[in-house]
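Only one structure is covered here, and it is reproduced in the block below.
Please treat every number below as a calculation from the coordinates, not as lab data. Bear in mind the structure is a predicted one, so any value in this text is a computation, not a measurement.
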Amino acid sequence: LAALLAEVPDAHPLTGVVHAAGVLDDALAANMTADQLASVLRPKADAALALHELTRDMDLAAFVLFSSGAALFGGAGQANYAAANAVLDALAAERRAAGLPGLSIGWGLWEQRSALTAGLGSAGLQRGAGGGAGALT
């Protein structure tokens, strides 16, 4: 990541960062392995923290993190995902407190199916809707 950022030409400086990692490795918290925790934390939390460290001295206009409502509401079998997204929310708050741009958008479930939601059955959809969080169109 540092090497990639070093390749940004001075004539066209980096002015914004958008971190949009989406990774799931579901398991109940009591059964979650260290590998399952790491497989979600690395691309979500670790990568965002690395972007922060490598760009905090740059004159960015935007630093946007795609988080999830799971950080606030949790999700069945998604303790690792909820924790990783809570890190993103905290990072955005820390950046703002330091006078840096920082925005964490806590997305909910999208109506359109994706690789992340392909395995979600009707019970999961009803659980979300029952909590007042309908799918985003």
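What residues qualify as long-range amide H neighbours of TRP107, i.e. H under 5 Å apart, gap of 5 or more or another chain, H built at 1.01 Å from N?
Here the answer is SER67, SER68, GLY69, since their amide H atoms fall under 5 Å of that of TRP107.
Using only Cα positions of the stretch 34-87, each an equal point scatterer, no hydration layer, compute I(q)/I(0) via Debye at q = 0.30 Å⁻¹ and quote the log10 values to two decimals.
Once normalised to I(0) and log-transformed, intensities are -1.15.
Relative contact order, percent, of the stretch 1-94 when contacts are C-alpha pairs under 8 Å separated by at least 6 residues? Show your work: numbers first, answer last.
Numbers: 114 pairs, mean separation 34.7, N = 94.
Computed value for the stretch 1-94: 37 percent relative contact order.
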